[in-house]
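Trainee: Handing you a structure now.
The values are calculated or read from the model by the stated rules, or taken from the named source; none is laboratory data. Predicted, not measured: the structure shown is a model, and the values here were computed from it. When we count neighbours, we look across all protein chains shown, and the Cβ atoms used for this are built from the backbone with ideal geometry, even at glycine.
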Amino acid sequence: MISLEENQLRLTLQNEFNIYSVEELKKSLEESFDVVQNFIVSLEEVQSFDSSAFSLLVSLKKEAVDAGKTITFINISTEVQDYIETMNVLELFEGEVDNE
């Protein structure tokens, strides 16, 4: 689910966030990237997470930072947390992760 208020986009990812859903999400994000200053990505309901999903999050973070925008990942599900820890890349999200 995507909601847009003023210059903030809140994205709540649900169920399967993997190779089958990444392209659709990427298109939605690209459409709003220029008008949004802050991104909040909730991962609480993600039950399936793979390298495609991870790549999209890293790409989104890099693009946002390069453009002077902010991105915060909140409510990280166990599935996503386990993936990040297994890949030993928690530092990529350091200072960006907020478990509300």
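Trainee: Only residues that are without any contact (Cβ under 8 Å) to a residue 24 or more places away in the chain and touching a helix residue (DSSP H, G or I) at 6+ places or on another chain (Cβ under 9 Å): list them for segment 22-48, please.
Mentor: Across segment 22-48, the qualifying residue is only GLU23.
Trainee: Here's a check for you: in segment 51-67, which residue that is under 13 Å from the mean Cα position of the chain (by Cα) and among the charged types (D, E, K, R) is surrounded by the fewest Cβ atoms within 10 Å (Cβ to Cβ)?
Mentor: Among residues in segment 51-67 that are under 13 Å from the mean Cα position of the chain (by Cα) and among the charged types (D, E, K, R), the one surrounded by the fewest Cβ atoms within 10 Å (Cβ to Cβ) is LYS62.
Trainee: Identify all residues within segment 68-100 that are modelled with pLDDT of 85 or more, surrounded by 12 or more Cβ atoms within 10 Å (Cβ to Cβ) and assigned to a loop (DSSP other than H, G, I, E, B); write none if there are none.
Mentor: Hits for segment 68-100 are LYS69, ASN75, ILE76, SER77.
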